[in-house]
Amino acid sequence: MSATRKLHVKSYGCQMNAYDSQRMADLLAHEGFVETAAAEDAELLILNTCHIREKAAEKVYSELGRIRRWKEHAAAKGRPMSIVVAGCVAQAEGEEILRRAPAVDVVVGPQNYHRLPALLDRARRQGKLVDTEFPTESKFDALPPADRDAIRRRGVSAFVTVQEGCDKFCTFCVVPYTRGAEISRPVAKIIAEVERLARAGVREVTLIGQNVNAYHGEGPDGRAWTLGRLLHRVVKVSGIARVRYTTSHPGDVDDSLMAAHRDLPELMPYLHLPVQSGSDRVLAAMNRRHTRRDYLRTLSRMRHARADMAFSSDFIVGFPGETEGDFRETLSLVEEVGYAGAFSFKYSPRPGTPAAKCADQVAEPVKHERLTRLQAAIDRHQAAFNARSLGTTLDILLEKPGRRAGQLVGRSPYLQPVHVMLPESRIGDIVSVHIAEIGANSLFGILSPPAQRSGRTEPRLAAGN
Ligand code: SAH
Ligand code: SF4
Ligand code: F3S
C-alpha cells in the first residue's frame, strides 16, 4: 500500500472521544494512512462525533454538507475520498445519517472502530454501511499499539482509557445509550500501554472513562481491582511522574480512592467531580443517586486526605422543573465549595432520555439568564483561585513552546497553564516555578532555584478554598 494516503480525523467530543480519534489514527497508520491537517485533501475523512447536547449533533450535519462539496470536487479531479462518521452521533442516529448525508460511506459506533479497515474494504466493494453493534469486550485490546513517533508527536501528557460506558442512567444523559454498559480494561493491558507511553517520553497520564471511578478491571491476581488500586500500580511505572483520572461520579468515590489521594504524591491534587446541581430535588429528578450533603461530605473527606486538593465540576441549568429556588441552591453550592474551575451547560433535551419527556421544560430565556449568573460565579471563584497562586511556588510539567521565543508553557498540578522562560530541551521536565504574574488565561513564572529534577511532585499550594 502507498504511504501517501492522507487521513484526517476530526474530534468533537469529550476526552474519550479525543482518545478514540488517536486510536483510529494509530490503527489506520497500519493501513498506510498518514495524518494531514488539511481535511479537504484527505483520502479518508473521519468525523468523530458527540451527541451530548443538541448543538453538538447539529454541527455534524452542517459539517457534512460542506464535506459533500469537497467530495464532489475530489471526484471531479479523479481523487477518491471516503467519509466515515464515528462516535456517539453515529451510534445514536445510525442509518439516519446515511439518509440525511448521502456523502457518508461508513457509520461506525464508538465501540466498533477497531473494525474500520474491514468496514472500509466492505464499503468499497458493496456500498455504504452501518456498524453500531455493541461488543462485550473492550475494543482497545483488539487494537494495535501506537508507534513511538505518534506518541512523541502528541506530547508529554497522554490519555489512557481504562473504562468505557456507563450504567448510571442520569435522566438527562445519552451516554449510557451511545457508549453502552460499563466495561473495564484488565490491569495488565493498561500497564502495558502506560509503559509504552513512558518509554516514548510521556511523563503524565490521565486515566479516562465516562465513569472512571466505577473501574473494576481484572487484576493480575484474577480479582477485580478498584481505581484506587490501579492508581497505586500506575504510579510505579518508571518515567511516569504525574497521574490524573477523569470523569468521576460522586457516588463511586470509595476508600481506596481516598487512600490513593492520601498516599500518592504523583496523583495530582485536582479532581473533576461533577455535581450537576446543588438542589436535592433536582438531583433526585436527575437520578444522580447522591444528595448535596453526600457530595459535600466526599469533598471534605478528600480535603482531609490531602490538604491541597482543589475541585472542578460540571453543572446543568434549566433541568425540567428547576425553579429559581433550586437554581439558587446551585449558586450557593458554588460559593460553598469555591471551585478552581467548572463547566456549565444549559439543559438540552436528548431524544430517548427520560428528562426529555418531562412536561415542565424550562424556557430558553430563563436557562440563558441562569447560565450567565452561574458562569459569573464560577469565573469569580476561578479568578480567586488563580490569584491565590501569586507568590507561591508550583511544580510545573513543561509541555511545549510558548508563544514568545525562548518561552515554554507547562501545567501546574491544578492544570493551570504556566509560562516560563526556558529552552525547548527542558520539555518533559518538572520544575519548581515561582508564580510572578497572573494573566487572563495563564500564569507567568520564574524558575525557583534550585530546580527540582526528581520528577516527583510534592504538595505545595496550601488549600485556600
Ligand atoms: N460521565 C461524566 C460526564 C458526562 S458528559 C459524568 O458523569 O459527569 C459531560 C457533561 O455534559 C455532564 O457532566 C453534564 O454536565 C453535561 N450534560 C450531559 N447531558 C446533558 C444534557 N442533556 N444537557 C446539558 N448538559 C448535559
Ligand atoms: Fe451521563 Fe450520568 Fe453516566 Fe455521567 S454518570 S455519563 S452524566 S449517565
Ligand atoms: Fe459526547 Fe459521546 Fe463523549 S456523547 S461527551 S463523545 S461519550
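The table below lists the values:
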read-out	value
Filter pass, R179 being more than 15 Å from ligand 2 (Cβ to nearest atom) and either basic (K, R) or buried (at least 22 other Cβ atoms within 10 Å of the Cβ) (or both)	no
Selected residue (only one of D252, D263 is surrounded by fewer than 17 Cβ atoms within 10 Å (Cβ to Cβ) and either farther than 26 Å from G321 by Cα or within 16 Å of ligand 3 (Cβ to nearest atom) (or both))	D263
Unmet criterion (only one of (1) closer than 22 Å to V160 by Cβ; (2) within 16 Å of ligand 3 (Cβ to nearest atom); (3) aliphatic (A, V, I, L, M)) for V84	(1)
Total residues in the stretch 141-172, condition over 16 Å from the mean Cα position of the chain (by Cα) and within 16 Å of ligand 3 (Cβ to nearest atom)	6
Residue check, P176 of a type outside the set (A, V, I, L, M, F, W, C), touching a residue at least 24 places away in the same chain (Cβ under 8 Å) and either in the same structural domain as D263 (by TED's automatic domain parsing) or part of a helix (DSSP H, G or I) (or both)	no
Residue list for the stretch 44-67, filter: in a helix (DSSP H, G or I) and in contact (Cβ under 8 Å) with a residue 12 or more places away in the chain	E54, K55, A56, A57, K59, V60, Y61, E63, L64, G65, I67
Out of A214, A188, sole residue that is within 16 Å of ligand 3 (Cβ to nearest atom) and either surrounded by 15 or more Cβ atoms within 10 Å (Cβ to Cβ) or over 30 Å from R350 (Cβ atoms) (or both)	A214
Only one of P110, P117 that is buried (at least 21 other Cβ atoms within 10 Å of the Cβ) and assigned by TED's automatic domain parsing to the domain that holds H51	P110
Hits in the stretch 2-17 (condition: at pLDDT 95 or above and of a type in the set (A, V, I, L, M))	L7, V9
Enumeration of residues in the stretch 53-94 that are within 16 Å of ligand 2 (Cβ to nearest atom) and surrounded by fewer than 16 Cβ atoms within 10 Å (Cβ to Cβ)	E54
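The values are calculated or read from the model by the stated rules, or taken from the named source; none is laboratory data. Computed from a predicted model, the values in this text were never measured in an experiment. Neighbour counts run over all protein chains shown; Cβ positions are idealised from the backbone, glycine included.
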